[in-house]
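All remarks here apply to the structure that follows.
We did not get these values from a lab; they are worked out from the coordinates using the rules stated. These numbers were taken from a predicted model, which means no experiment stands behind them. Because the Cβ atoms are built from the backbone with ideal geometry, glycine has one as well, and the counts that use them run over all protein chains shown.
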Amino acid sequence: MTQSAITKQKNQTVDTDQARPVFPFTAIVGQEEMKLALLLNVIDPKIGGVMIMGDRGTGKSTTVRALVDLLPEIDVVDGDPFNSDPKDPELMSQEIRERVQRNEELPIAQKKISMVDLPLGATEDRVCGTIDIEKALTEGVKAFEPGLLAKAHRGILYVDEVNLLDDHLVDVLLDSAASGWNTVEREGISISHPARFILVGSGNPEEGELRPQLLDRFGMHAQIGTVKEPYLRVQIVEQRASFDAAPLEFRQTHQAAQMKLAENIIDARQLLAQVELEYDYRVKISQICSELDVDGLRGDLVTNRASKAIAAFDGRTRVTPEDIYRVIPLCLRHRLRKDPLESIDSGNKVQDVFKRVFGYTD
């Protein structure tokens, strides 16, 4: 990471502090599983997002929002409402593609990866966008008002209490997240735009689980519980009290750790393409998925990607069995449930099969 990038990151931190102080990610005690899943999805967005399920008051929303501070900058076409990538055609809107074909010079700006909150009562029009039919008919132009999916393109879309969201809306989100495109059709008029985002959902299992078909579409599943150790509970309470009393000063004490973690994320994103996963390990991952009777191939794909991401995060270009062991419960546990009334495995079943297939002891 260059010195100019580090300086820019520091300036971003100051700007965030002045706008609205956010609890620092590095100050969050415990919940390592949730933090790891979020970081790996930022390193490789193609992992497919993460579903976080846990008790009330366990810091789900706090942790997700704290992630925003660590997000790196990306190049976007200045003024484009879809955050189009100036170099990758797959991440460009139709208008930007046409400008590229005309050999127009695109104005480029740098923008921090954004996180969009999806309100629980959001309508489909608010999420997907709307077409002005009257303008389209009278003026002959496709007047499109972008929705939250457009705003979340190349960023993070966070849905709190996703298990309370209307199933139809969840289907729309997951379809867009999987295909990378959002299509809006009204009265015979159709408009599509890229919508590649990291989908992060959170919820309380007491309020109901998602259907197995929907759960399977999330790349990873993190389970978190209330911290039981008294000394850790005291530490959490004291930190929260310190932050509430003096948020800017509290953030300042964690700025060095925040900077270091943000730098690690940027370095890992750059290193990811060089990371190798041995063929023998890939075969064993698929063997585990087969023995666990995991439907489809999403489990195989996500485990491969997550294993590479965690190796890149540690600054390595080769995946080890330890890397796979750390991520495979997050990638597979929510794919084992066949009966909607059945509870999600804690990860022990996945780890047991892993140890036998890999001959691994922790």
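Taking 0.36 nm per residue of sequence separation and removing the Cα-Cα distance, the S179/K228 pair yields an extension gain of 13.6 nm.
Using the Cβ-Cβ distance between R316 and K355 with R0 set to 25 Å, the FRET efficiency works out to roughly 0.70. Among the listed pairs K284/K355; K60/K308; K228/K355; K35/K60; K151/K308, those whose Cα-Cα separation exceeds 20 Å are K60/K308; K228/K355; K151/K308.
For a protection proxy built on the mean count of beta-carbon atoms within 10 angstrom, sort 157-165, 216-224 highest first, please.
216-224, 157-165
Modelled spin labels at Y279 and R102, positioned 7 Å past Cα toward Cβ, are 5.0 nm from each other.
Ordering G201, N304, M53 by the projection of their Cα atoms onto the charge dipole of the chain, which places +1 on the Cβ of Lys and Arg and -1 on the Cβ of Asp and Glu, puts N304 at the extreme positive end. Full extension of the chain between Q235 and Q252 gives 4.3 nm of extra length, using 0.36 nm per residue less the Cα-Cα distance.
Taking the Cα centre as origin and putting +1 on Lys and Arg beta-carbons and -1 on Asp and Glu beta-carbons, what dipole magnitude results for the chain, to the nearest 20 debye?
Numbers: 44 positive and 58 negative charges, 192 e Å.
Once rounded to the nearest 20, the dipole reads 920 debye.
Computed over the alpha-carbon atoms, the chain gives an Rg to Rh ratio of 0.97, Rh here being the Kirkwood radius from the mean inverse distance. DSSP beta bridges fully contained in the chain are about 45 percent antiparallel.
Residue-wise HN-Hα couplings along the stretch 230-235, as the Karplus relation 6.51 cos²θ - 1.76 cosθ + 1.60 with θ = phi - 60° gives them from phi, are x, 5, 6, 4, 5, 4 Hz; Gly and Pro carry x. Which residues among the stretch 54-84 fall inside the zone where the amide N is under 17 Å from a point 7 Å beyond the Cα of A109, along Cα→Cβ? Only 73-84 fall inside the zone, counting backbone N under 17 Å.
Over what distance in Å are the Cα centres of the stretch 163-202 and the stretch 21-88 separated? Cα centres, the stretch 163-202 to the stretch 21-88: 19 Å. Packing, as the average of other Cβ atoms within 10 Å across residues, places the peptides 80-87, 269-276, 123-130 in the order 80-87, 123-130, 269-276, highest first.
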